[in-house]
1. Whole Å is fine, so just give me how far the alpha carbon centre of the range 84-111 lies from that of the range 1-28.
2. Looking only at the range 8-87, where both bridge partners belong to it, what percent of the DSSP beta bridges are antiparallel (to the nearest 5)?
3. Tell me, in nm to one decimal, what length is gained between residue 5 and residue 108 on full extension, where the rule is 0.36 nm per residue of separation less the Cα-Cα distance?
4. Only counting other Cβ atoms within 10 Å, I'd like 7, 113, 101 sorted with the fewest neighbours first.
5. Please arrange 84, 128 by counting, for each residue, the other beta carbons lying within 10 Å of its beta carbon, fewest first.
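Each value in this text was obtained by applying a stated rule to the coordinates, not by laboratory testing. None of the values given here were measured: they were computed from a predicted structure. Note that we place each Cβ from the backbone using ideal geometry, even for glycine, and neighbour counts take in every protein chain shown.
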């Protein structure tokens with residue numbers, strides 16, 4: 001569909017903006033908000049590896065900082081041969097905003113694997129798992 005193709009194309013273009021001096025893995029993301037806005041992100045690495053941030057979280061943080069809280073889909077692309085799947089931290093971060101988010105994982109050759117976030121993170125931890133206040 002046209003919406004998916006557009007997200008994939010934008011995510012692929014965001015790879016060029018990645019700061020990945022250490023892993024050399026360029027990752028780009030395009031996040032579709034419920035209102036139709038597309039917010040982008042790329043991975044930003046740091047010599048202190050734990051301070052690096054993934055493209056998916058970059059896009060979500062940008063979107064939230066711009067007032068968005070509801071998301072429909074995200075495309076994640078990279079220069080890796082296989083599908084670019086969000087890491088566990090990104091999966092947990094994204095599921096905070098709803099279990100129906102559609103994830104388009106893109107391989108370097110353009111193949112796309114589509115899954116819902118709750119398929120990628122079954123039995124997820126969320127607000128309902130916290131003790132009552």
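1. The distance from the Cα centre of the range 84-111 to that of the range 1-28 comes to 13 Å.
2. Numbers: 13 of 14 bridges.
Among the beta bridges of the range 8-87, antiparallel pairing accounts for roughly 95 percent.
3. On the way: separation 103, 0.36 × 103 = 37.08 nm, distance 1.44 nm.
Extending this stretch completely gives an extra 35.6 nm.
4. Numbers: 7 27, 113 13, 101 23.
So the ranking, lowest neighbour count to highest, is 113, 101, 7.
5. Working: 84 28, 128 5.
Least to most surrounded, the residues fall as 128, 84.
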